[in-house]
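Remarks on the structure that follows.
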Amino acid sequence: MNLRIFGTCRRLLLLILIFWWPTFALAFVDPMDQPPPHSSLGKFYHDAEWAFFPIPIVKTSPAEGTTFGIMPVVTASGKEGELKTIIAPAGTYNDTTKYGGFVAFYLYPQPDTVFMFFGELAKRYAREATVRFDRFPKEGNAFIYQGGFSYRRYPFERFFGFGPETQPANETNFVSDRIVADITAGYRLISAFTIRQTLKFDRWDLRSHAKEDVADTLQTFAGNSEVVPAKALIERLELAYDTHQNPLTGHGNLVSLTFVGASAALGSDHSFYGYDFRTKWTRGLMNDRFVTVISGIFDQRFGNTIPFYFQSMLGGPETLRAFIERRFSGRHRMSIDLEERIELGNWIIANTATAISLDPFFSVGQVFNDFSEIKYRRLQPVAGFGIRGKAKPSVLGRLDFGFGREGMQIYATLDYPF
């Protein structure tokens with residue numbers, strides 16, 4: 001780690017101490033924040049039902065290609081079928097990264113709290129070590145704490161250029177080395193309204209392509225001031241009204257507005273600012289066997305020079321799912337999604353209550369650098385369907401098939417896209 005990065009980390013630590021120590025001090029002296037009934041491992045697991053089952057891995061994504069492997073999974077579940085722990089080591093093979101493996105560990109000490117660790121190592125390129133803690137209570141008059149650290153080397157990055165009319169032939173590849181450290185403190189005023197402030201250190205280093213059949217980003221965009229390595233110390237302030245009880249609920253409304261900013265005066269390589277607007281409407285019928293979800297996003301970024309990975313993007317497992325990740329990049333973006341989640345049935349799988357659903361969806365969106373670029377012919381429509389399995393309290397796996405103007409893409413991942 002060079003002196004510039006070390007200096008930025010010191011600034012990050014100083015800002016954390018200045019802005020966040022009063023909040024964390026309150027957390028430790030809050031008389032209402034009593035330890036949970038299952039405060040020891042013995043008590044926590046005394047009623048747990050353990051299960052072991054090997055899962056074959058056949059993972060496919062537009063950027064990574066196909067990954068094969070085997071993942072022996074160990075789970076611990078409570079009396080109501082809710083998950084307490086997941087331990088999942090795996091051995092894998094991918095044509096680009098060759099032989100490798102990973103281990104994932106999730107601990108759910110309470111319904112609103114999760115500890116997570118993920119580590120990965122492959123023969124070529126791929127490296128990751130991530131730890132996270134999230135405490136996101138649903139009751140009012142409660143503090144919110146989130147934080148984590150991650151180092152990741154990812155060889156499957158893509159970049160096509162800027163704007164809504166980039167062509168598939170413009171595809172380029174690079175290897176990213178990314179370090180992220182973030183800390184969030186917030187407060188839930190009432191059950192539906194939260195305010196959160198996040199301080200995030202985000203450093204990107206760009207390396208030459210790993211996919212030899214795809215053009216090299218660094219060569220193709222050499223000399224472009226927005227295609228360079230950079231670091232940023234990003235402040236985020238989020239105001240959110242959300243009546244969803246959990247990510248799997250069949251009823252709720254969400255409206256959130258997040259202000260984003262990074263300043264060169266605080267150690268960032270570039271100054272920029274902007275906002276993210278989110279909205280979601282969820283309604284269920286027949287005891288949530290049929291759940292309709294409508295989601296919208298509208299983001300803007302402003303600044304003289306903004307590295308492309310700090311700008312807005314569309315494409316990937318969460319937006320415009322018929323396109324590879326970061327298929328479209330620009331200062332601003334807008335997208336609307338409609339999804340119908342149809343529950344087919346409930347089963348007990350590995351001692352865990354699991355529901356399977358078939359979910360058709362439709363999306364339309366566009367990136368733009370100026371409002372004059374918004375044109376009907378530039379909007380990108382996507383239709384498709386997803387096969388999902390969900391388990392309490394908030395675990396969901398999905399296989400999504402998206403169809404758009406450039407063909408079909410398949411994403412296998414965790415969590416709903418919105």
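In the stretch 342-418 the Cα-Cα distances spread across 5 Å bins starting at 0 as 3, 13, 20, 18, 13, 11, 9, 6, 3, 2, 1, 0 percent of all pairs.
Tell me the net charge near PHE221. Cut-off is 13 Å between Cβ atoms, PHE221 excluded, with +1 for each Lys or Arg and -1 for each Asp or Glu. Spelling it out: positives minus negatives among the neighbours equals -3.
Here each label is just a point 7 Å from Cα along the line to Cβ, and for HIS244 and MET408 those points are 2.8 nm apart. Calculated on the alpha-carbon coordinates, the convex hull of the stretch 124-223 measures out at 144 cubic angstrom per residue. Sorting the segments 230-238, 50-58, 250-258 by their residues' average number of neighbouring beta-carbon atoms within 10 angstrom, most packed first, yields 230-238, 250-258, 50-58.
For the pair ASP95 and ILE190, label points projected 7 Å from Cα toward Cβ lie 5.6 nm apart. Across all directions, the average flat footprint of the convex hull enclosing the Cα atoms of the chain is 20.7 nm².
Computed from the Kirkwood radius of its Cα pairs, the Stokes-Einstein diffusion coefficient for the stretch 67-128 at 20 °C and 1.002 mPa s stands at 167 µm²/s. When only Cα pairs below 8 angstrom with a gap of at least 6 residues are kept, the chain shows a relative contact order of 10 percent.
A simple spin-label model places the labels of LEU396 and LEU379 2.5 nm from each other, with each point 7 Å out along Cα-to-Cβ. Overall size of the stretch 175-267 from C-alpha positions, given as principal axis extents largest first: 51, 37, 19 Å.
Here, each number is a calculation from the coordinates, and none is a lab measurement. All figures in this text were calculated on a predicted structure; none of them were measured in a lab. Backbone-built Cβ (ideal geometry, glycine too); neighbour counts: all protein chains shown.
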